[in-house]
1. Using the structure shown, select from Lys767/Lys813; Lys206/Lys746; Lys30/Lys800; Lys511/Lys703; Lys483/Lys517 the pairs with a Cα to Cα distance greater than 30 angstrom.
2. According to a simple spin-label model (label point 7 Å from Cα along Cα-to-Cβ), what is the distance in nm between His170 and Asn717?
3. What are the trypsin sites (Lys or Arg not before Pro) within the stretch 540-626 that DSSP puts in a loop, where the Cβ has at most 14 other Cβ atoms within 10 Å?
4. Please list, or write none, the aspartates and glutamates whose alpha carbon is within less than 13 Å of the alpha carbon of Lys585, excluding same-chain residues fewer than 8 places away.
5. Per-residue HN-Hα couplings for the stretch 548-558, Karplus 6.51 cos²θ - 1.76 cosθ + 1.60 at θ = phi - 60°, whole Hz, x for Gly and Pro?
6. Ignoring ligands, DNA and RNA, what accessible area per residue does the chain give at 1.4 Å, in Å²?
7. Could you tell me the center-to-center distance, by alpha carbons, between the stretch 516-573 and the stretch 315-372 in angstrom?
8. If R0 is 51 Å, what FRET efficiency do you get for Asn790 and Ser267 from their C-beta distance, rounded to 0.05?
Amino acid sequence: MKTFSNILKNDIFKLENILTGSNNYFAHRKDEPVKYELLSEHLTLTLNYSLRLIEANKLEVIINNQITEFVIAQGFNSEHIAEFIKEMFISTIYFHDFGKINENFQLDKMNNSFFVKKGNGIGSKHSILSSHLFLLYYFNKIYTGDFEENVKILLYYMSFLFVHSIDKHHGSLSKPSNQNIEIISNADLCFYSSRFSLFNDLDIKKYFKFLNRYFYSVLDKSKIIDQSFLAFSLVKLNSSLLTASDYYSTNEFMIGLKVNEFGVISSAFKDKIINNIKEIEYNKELYANFERYESLSVRILVERNNSNLNKLRQSLSAEAITGIRLADSENLFYIEAPTGAGKTNLSLLALGELLSSQREITKVFYVFPFTTLITQTFNSIKENLSLNNSEIAEIHSKAQFNIQDDDGTYGNEKLNYIDSLFVNFPITLISHVGFFDILTSISKEKNYILHRLVNSIVIIDEMQTYPPTEWDKINYLIQNYSKHYNITFIIMSATLPKISRLLIDKSQNDKFNYLIKNRDEYFRNPNFLKRVEIEYILRDSFTEENLRNIVLQKSAQYTEGHKTVKTIVEFITKKRASEFYELLKIDDEFSEYEIFLISGTILEPRRQEIISYLKSAMETKVIVVTTQVIEAGVDIDMDIGFKDKSLIDSEEQIAGRINRNAKKSNSKLYIFYSGDVQKVYRSDLRYKLGLNQEEYLDILHKKNFDYFYHLVFENINRANENEYQTDTLPEFKELIKSNNYIEVDKSFRLIRSNSLSIFVPLRIGRKYFSAEEIRFLENFFDIHTDVNINGFDVWNIYEKIIKNKLDDFISKKINLKIISSIISKFTFSIWKNPNEVNRLLHFGEEKYGFLMLDNYESIYSFEDGLKSDIEKDINFIGF
């Protein structure tokens with residue numbers, strides 16, 4: 001198949017060769033001083049960026065394979081057809097701004113006095129005209145080409161899909177069959193096309209007849225086209241490449257910023273990662289004694305001690321490495337390891353082995369459900385692998401603005417912003433919502449990044465935190481993107497739903513490789529299994545008073561043997577956690593305990609303060625009352641725990657915060673039942689299993705999570721086979737096959753909530769802000785920060801940035817990104833319950849998407865969060 005470079009050698013891809021008076025048309029205009037970019041210059045630069053992105057990300061083979069497989073699926077084995085589709089693919093990037101020949105655009109947008117205004121039915125719009133010129137050119141080429149009729153229909157179909165990228169290159173993808181293709185008249189299209197030599201002797205009337213005849217029938221009703229994931233993918237990937245190339249080229253002209261590096265893994269960087277993984281102390285010992293650990297019989301390591309625990313970890317690591325080596329051509333892996341086994345290091349070892357293989361790997365993504373996990377892992381990987389800010393980044397709403405200059409100054413902020421926008425880093429840590437939005441969202445900014453996923457390694461942690469209603473869709477997306485984008489996926493967790501066991505179709509086999517083949521030998525080894533014993537209490541007698549008594553009793557008993565105790569008490573709702581915390585605070589019998597609250601209304605700096613104290617405090621007695629924010633991703637090590645019964649995987653996750661290193665004795669998790677699970681999880685498929693107490697405890701005690709998830713999978717598969725069920729995988733697949741990008745986006749949601757961010761303008765210590773953030777606050781509006789940062793000052797700066805009309809687009813985006821990271825330290829979220837919002841409005845007002853608590857003093861404190869009386873009668877989920 002012809003390369004893109006060879007396709008673009010055709011003279012038609014030089015605008016000056018095909019457009020009369022091409023030097024009269026401008027693509028962009030900038031002021032101070034006034035300067036114009038010729039349309040021909042912009043299109044050439046955009047094509048050049050697209051070729052550079054294709055080369056850097058090794059996209060060409062991927063695109064070739066997708067096109068070839070799509071053509072073969074239609075019953076054709078023709079390189080000529082595939083090459084024609086490939087030409088259309090790259091031509092969208094060339095044609096995307098042809099519509100800027102519209103004299104109204106030139107006059108209104110470019111102040112180009114060479115032209116006079118014309119009534120054309122589209123005003124100064126250019127995308128719709130570009131779309132028609134693209135369709136017109138390919139209509140003629142297909143119509144007059146030496147193709148059979150069914151091949152022509154296939155090519156018309158692909159031209160209709162690809163033109164959607166042009167039509168929406170300044171907006172969001174929608175549904176190609178919803179394109180308003182009749183907005184321009186026959187006469188006007190004839191008028192504009194006559195300026196191009198491409199369209200000489202072309203019958204415009206025949207073109208419009210073709211549109212009316214084929215457009216909707218081909219897109220919506222054609223039985224000839226075997227519609228599949230590939231058509232959906234090709235348009236999405238095409239749109240990603242077009243909009244990214246257009247963005248880069250536009251910014252090169254508008255702000256003089258040329259992007260030379262796209263953050264891909266070089267040979268030198270690959271060697272650095274591989275070597276640094278092996279140089280981590282415990283990995284050095286592993287590789288030095290690899291054969292011994294690979295052949296080690298873990299069944300004999302039954303005595304609970306630190307030596308056996310370390311041997312188990314090394315044996316797990318050796319098994320994961322061997323699994324990768326034996327499946328060096330495979331792309332789908334599970335890592336299932338018990339809490340305390342060191343999952344992050346296991347993932348690094350797998351990453352090192354994958355990089356050592358002959359795979360085409362250009363970047364790495366780590367995907368997490370919680371920002372705490374992202375930041376924690378980011379810091380760990382950055383330190384252990386000796387990486388700098390140009391090599392690794394965390395991308396999420398609370399992340400600081402990434403600064404790549406070695407001296408720690410903001411330097412070229414605009415380049416840093418663009419690199420963050422396009423995640424131009426070899427290793428990126430990102431939220432689960434952010435990652436899956438790239439796969440399904442219609443958002444232009446999300447889709448920018450799609451081409452970056454090609455030839456990547458994606459490591460997904462804590463899959464059990466995703467809603468079970470989406471597991472089958474996640475499985476479908478992972479398997480298809482892995483196959484067609486050459487993405488290597490590693491899914492890992494201590495409570496791992498093996499989603500590949502969900503049916504995509506009845507003939508499907510499980511394509512995942514299980515890196516830990518004998519998981520039970522590890523999970524049921526006493527060094528892991530006996531790390532925390534689980535006991536059911538207060539089965540039918542829960543009251544806060546009864547719980548209070550047993551927390552006091554068990555904490556005291558543990559103290560007798562260990563002198564100190566760190567107790568955690570977890571509730572499902574914020575309301576109940578807050579009330580129990582306040583009960584203990586005023587109870588004289590708990591006076592010798594330090595009591596903390598961690599819930600969804602506690603600000604992140606306070607959480608950090610508590611967690612830091614818990615990690616450093618040794619000779620102390622502590623009780624932490626919390627909600628489920630503590631479960632995954634919070635690096636604490638408690639001695640005993642109490643948990644309100646909710647979901648099995650949730651119980652195991654909180655057990656993972658107890659005796660994490662398996663060095664203690666008598667660590668227990670006591671499960672009680674308040675009934676709140678019915679209110680919060682009544683629609684969750686895991687809760688709806690209705691397990692009896694014996695089944696529930698048996699799964700927890702034996703770590704038999706496969707059986708638990710098998711029951712959930714059966715219900716999901718049963719629903720998918722029910723033709724009357726809605727929001728199913730078959731329905732989702734049909735939306736993809738019909739290229740209905742809007743409905744695909746709507747029907748896939750990892751978080752379906754309506755939340756409100758609450759800004760509390762209290763004073764927070766400087767130590768919770770980076771040096772760059774403090775410098776920004778002090779310099780931006782010449783304020784001085786002393787020991788504390790005043791929330792009112794932060795809010796005033798935010799308002800001024802929002803209202804500022806003087807900054808250019810990127811400068812304003814940079815300032816918003818920096819201030820957003822700062823604002824997140826003063827912000828918590830609640831469900832948007834009308835009663836609660838109205839109650840809080842007595843203490844503040846809604847502005848810019850936040851509820852600003854101007855008068856917070858009577859209802860909120862840094863230590864206690866939102867006071868329980870304001871939460872009265874409102875059951876907040878504890879996230």
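The values are calculated or read from the model by the stated rules, or taken from the named source; none is laboratory data. Bear in mind the structure is a predicted one, so any value in this text is a computation, not a measurement. Don't worry about glycine lacking a Cβ; one is built from the backbone with ideal geometry, like all the others, and counts go over all protein chains shown. To get the accessible areas, we keep the full protein, side chains included, count just its heavy atoms, and leave off ligands, DNA and RNA. Shrake-Rupley method; radii C 1.70, N 1.55, O 1.52, S 1.80 Å.
1. Details: Lys767/Lys813 26 Å; Lys206/Lys746 38 Å; Lys30/Lys800 25 Å; Lys511/Lys703 24 Å; Lys483/Lys517 23 Å.
Long pairs (Cα-Cα over 30 Å): Lys206/Lys746.
2. Each label point lies 7 Å from its Cα, and together they span 5.1 nm.
3. Lys563
4. Of all the aspartates and glutamates, those that pass the test against Lys585 - Cα under 13 Å, at least 8 places apart if same chain - are Glu594, Glu863, Asp864.
5. Listing the rounded values in order: 4, 5, 6, 5, 5, 5, 5, 5, 5, 4, 5 Hz.
6. Numbers: 34710 Å² over 879 residues.
That works out to 39 Å² per residue.
7. Using only Cα atoms to place each centre, the spacing works out to 31 Å.
8. 0.55
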